[in-house]
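So the structure is just underneath, and the comments pick up after that.
The values are calculated or read from the model by the stated rules, or taken from the named source; none is laboratory data. What you are looking at is a predicted structure, and each value in this text was computed from that prediction instead of being measured. Positions of Cβ are generated from backbone atoms using ideal geometry, with glycine treated the same way; all protein chains shown enter the neighbour counts.
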Amino acid sequence: MIRTTSLPAGELVPVLGQGTWNMGEDSRRRRDEADALRLGLDLGMTLIDTAEMYASGGAEEVVAEAVAGRRDEVFIVSKVLPSNASRRGVETACEQSLKRLGTDRIDLYLLHWRGGVPLAETVDAFEALKAAGKVRHWGVSNFDTDDMQELDGLAAGSAVQSNQVLYNLSRRGIEHDLLPWCRGRGIPVMAYSPVEQGKLGKEPRLGAIADRHRATPAQIALAWTMRADGLIAIPKASRPEHVRQNRAALDIVLTSEDLSELDKAFPPPARKRPLEMI
Ligand SMILES: NC(=O)c1ccc[n+]([C@@H]2O[C@H](COP(=O)([O-])OP(=O)(O)OC[C@H]3O[C@@H](n4cnc5c(N)ncnc54)[C@H](OP(=O)(O)O)[C@@H]3O)[C@@H](O)[C@H]2O)c1
């Protein structure tokens, strides 16, 4: 069984999902990518993260292939580009995403990052989509603490269900204020690039801990991002062995000794740092 965490709305979602950035770029690889996602679903990683931006819609089409015949098992997260974040723009972008995803609803629809459209307008558009049943929940991505505070000040702002941000052992800035802010309000933080796009898989500083757990460095990095409640990790894996290793990382229990060793090698932030993005 995969551990779950609760959205503010009360719905439980798995703490380990699957990313799709770079999927759908090459038509010859699409079948393997969909197979990898399906393997992940079989192993219980039933939250899939995608976006209209990825492969200009191609990643959403790979997701459609992966979830065909089993849509109800899956919690689909997709994102609207800031350039489409106006009232009409969101409506059109969502329709197109739904078409590519081959579904009638997106479980969680995120604003990919902040752009020029007033936040209140985007939130109104999200609420209208929710009322129409086209999205079940909405949230944000790449929002720093001041953005979250601004959102919180809007009438419907408290309906936000998640903030998806860059978070891994080498990118711990959010621990200073954003993570505690979200935690305090029961808003799960979705950690993107949890293995730093593969780089933490080759990280010598993780070697000793990995050996102790008979695991790989990437698995330790991933286990670390899911070490506490309110954190969801969405690694992207197109190789089946990576999918299996990622699922297995959920069963790794890091000891307090491991955690303090990791704090020494990858120190937590001592002061506020602006949110980093990839
Ligand atoms: N909201 C945003 O702005 C934003 C930004 C970036 C990413 N994201 C989302 O977050 C997801 C994950 O981030 P990401 O794709 O940037 O990076 P990531 O998940 O940290 O890393 C993906 C890379 O790591 C490799 N990998 C996966 N599992 C591994 C394992 N167990 N051992 C060794 N290597 C492993 C993958 O290889 P293979 O593919 O060859 O298996 C791939 O090359 C994205 O796919 C996307 O859905 C969101």
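Please go through the stretch 59-73 and give me each residue that is surrounded by 22 or more Cβ atoms within 10 Å (Cβ to Cβ) and over 11 Å from Gly102 (Cα atoms), ordered by number.
Ala59, the sole residue that qualifies.
Just checking, does the stretch 115-122 include any residue being touching a helix residue (DSSP H, G or I) at 6+ places or on another chain (Cβ under 9 Å), polar (S, T, N, Q) and assigned to a helix (DSSP H, G or I)?
Going through the stretch 115-122, the residues touching a helix residue (DSSP H, G or I) at 6+ places or on another chain (Cβ under 9 Å) turn out to be 115-117, 119-122.
Of the ones still in play, those that are also polar (S, T, N, Q) are 122.
With the extra rule that they be assigned to a helix (DSSP H, G or I), the set shrinks to 122.
Scanning the stretch 115-122, I find at least one residue that is touching a helix residue (DSSP H, G or I) at 6+ places or on another chain (Cβ under 9 Å), polar (S, T, N, Q) and assigned to a helix (DSSP H, G or I), so the answer is yes.
For the stretch 135-147, name all the residues that are surrounded by fewer than 20 Cβ atoms within 10 Å (Cβ to Cβ) and outside any helix (DSSP H, G or I).
Listed by number, the list holds a single entry, Arg136.
Need pairs with beta-carbon distance below 6 Å; first residue under 14 Å from Gly102 (Cβ atoms) and within the stretch 47-58, second modelled with pLDDT of 95 or more and not in a loop (DSSP other than H, G, I, E, B); sequence gap 6+ or separate chains.
From residues that are under 14 Å from Gly102 (Cβ atoms), the pairs are Ile48/Gln18; Ile48/Val63; Ile48/Ile76; Thr50/Ala59; Thr50/Glu60; Thr50/Val63; Thr50/Ser78; Gly57/Arg100.
Residues to consider are Ala120, Ala93; find the one that is aliphatic (A, V, I, L, M) and within 25 Å of Ile278 (Cβ to Cβ).
Details: Ala120 fails: within 25 Å of Ile278 (Cβ to Cβ).
Just a single option satisfies the conditions, and that option is Ala93.
Name the helices (runs of 4 or more DSSP H) wholly within the stretch 163-256 that hold at least 1 residues that are more than 8 Å from the ligand (Cβ to nearest atom) and closer than 28 Å to Ser78 by Cβ?
Fully inside the stretch 163-256 and qualifying: 178-184, 217-225, 240-249.
Between a residue in the stretch 153-173 that is under 22 Å from Ala128 (Cα atoms) and in contact (Cβ under 8 Å) with a residue 12 or more places away in the chain and any residue that is part of a loop (DSSP other than H, G, I, E, B) and within 15 Å of the ligand (Cβ to nearest atom), which pairs come within a Cβ distance under 6 Å, given they are 6 or more apart or on different chains?
What qualifies is Ser162/Pro188; Asn163/Phe143.
When you scan the stretch 257-277, do you find a residue that is surrounded by 22 or more Cβ atoms within 10 Å (Cβ to Cβ), within 15 Å of the ligand (Cβ to nearest atom) and within 22 Å of the chain's Cα centre (by Cα), even just one?
no
Restricting to the stretch 1-34, name every residue that is away from the ligand (no atom under 12 Å from the Cβ) and either of a type in the set (Lys, Arg) or not in a loop (DSSP other than H, G, I, E, B) (or both). Before the answer, list the steps.
Our first condition is that a residue be away from the ligand (no atom under 12 Å from the Cβ); within the stretch 1-34, this holds for 1-15, 26-28, 30-31, 34.
Correct list: Arg3, Thr4, Thr5, Ser6, Leu12, Val13, Pro14, Ser27, Arg28, Arg30, Arg31, Ala34.
Return a yes/no flag: does the stretch 100-115 have any residue that is in contact with a Phe, Trp or Tyr (Cβ under 7 Å, 6 or more places away or on another chain), β-branched (Val, Ile, Thr) and touching a residue at least 12 places away in the same chain (Cβ under 8 Å).
Scanning the stretch 100-115, I find no residue that is in contact with a Phe, Trp or Tyr (Cβ under 7 Å, 6 or more places away or on another chain), β-branched (Val, Ile, Thr) and touching a residue at least 12 places away in the same chain (Cβ under 8 Å), so the answer is no.
Can you go through Ala36, Ala64 and tell me which one is of a type in the set (A, V, I, L, M) and without any contact (Cβ under 8 Å) to a residue 60 or more places away in the chain?
Sole residue among the options that is of a type in the set (A, V, I, L, M) and without any contact (Cβ under 8 Å) to a residue 60 or more places away in the chain: Ala64.
Do we find a residue being touching a Leu at 6+ places or on another chain (Cβ under 8 Å) and surrounded by 21 or more Cβ atoms within 10 Å (Cβ to Cβ) anywhere in the stretch 209-217?
yes
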